[in-house]
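Working notes, structure below.
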Amino acid sequence: MDPYEHTLFNSVIFIFEPSAVNAMEKRIIRNLDSYELMHIYGNESFRSLCVILAFDISHQDLMAAIKVVSKLANFSLHADMLFEKTLYKLFSRIVFLLSGQSIGLQNIKEAIQIMQLTDSKDYLKATFAFIKDVCQIYDFHDEGLAQLLKEGYQKLD
């Protein structure tokens, strides 16, 4: 996939059925190690897999999400790939938190702090909205996460 295909796919992923996304995921994973799509905007293959990870979480498919997390964990990110590292930290730890692992919350906080330090307000808004939606979809209640969302929204105002 070239950068334009990744961008298009990332923009319209939520109109596809999970089976179609799964097929694209396999294609992206096949190319992840052998074809490192690097340019000034980062690694598009890695970002596409993060979008698929968000898709799997939204569709309550934790097993598929865990599979994507394990694929991303095996991928070596360059030191200058701060955005990709932040996305991975955020989405993988949401999966961990939903799976009952306590390590998730601290890493979610760290990802949010990175976005705050880089003044990424649009990403912060999207992150808070995503976490709020995930909590509703999974009927997930965590006091620490609720407090994090409350404080985060206050800082955006």
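Projection of the Cα convex hull of the chain, averaged over all directions and equal to a quarter of that hull's surface, yields 9.0 nm². Annotation: lysines with alpha-carbon distance below 30 angstrom to Lys150 (same-chain offsets under eight excluded): Lys85, Lys89, Lys109, Lys121, Lys125, Lys132.
Segment Met63..Ile103, full-extension length gain: 12.6 nm, with 0.36 nm per residue of separation and the alpha-carbon distance subtracted. This model, with +1 at the C-beta of Lys and Arg and -1 at the C-beta of Asp and Glu, gives the chain a dipole about its Cα centre of some 180 debye.
With respect to the chain, whose longest principal axis is taken over its alpha-carbon atoms, helix 143-156 is tilted by about 80°. Shape call for region 57-140 from the C-alpha gyration tensor, a ≥ b ≥ c root eigenvalues: rounded (a/c under 1.5), prolate (a/b greater than b/c) or oblate? Judged from the Cα gyration tensor, region 57-140 comes out oblate (a/c at least 1.5, b/c at or above a/b). Could you work out the local net charge near Arg47, counting Lys and Arg as +1, Asp and Glu as -1, over the other residues with Cβ closer than 12 Å to its Cβ? Around Arg47, the charge tally is -1. Scattering from the C-alpha atoms of region 102-144 alone, worked out with Debye: what is log10 I(q)/I(0) at q = 0.16, 0.33 1/Å? The Debye formula, applied to the Cα set alone, gives -0.45, -1.14.
For the chain, the longest principal axis of the Cα atoms and the long axis of helix 18-34 meet at an angle of about 70 degrees. For the chain, the longest principal axis of the alpha carbon atoms and the long axis of helix 62-73 meet at an angle near 70°. Placing a pseudo-label 7 Å from each Cα along the Cα-to-Cβ vector at Ser70 and Thr118 gives an inter-label distance of 2.8 nm. Against the empirical curve 2.2 N^0.38 Å, the C-alpha radius of gyration of region 76-120 lands at a ratio of 1.16.
Each value in this text was obtained by applying a stated rule to the coordinates, not by laboratory testing. Quick caveat: nothing in here was measured; it's all calculated off a predicted structure. Don't worry about glycine lacking a Cβ; one is built from the backbone with ideal geometry, like all the others, and counts go over all protein chains shown.
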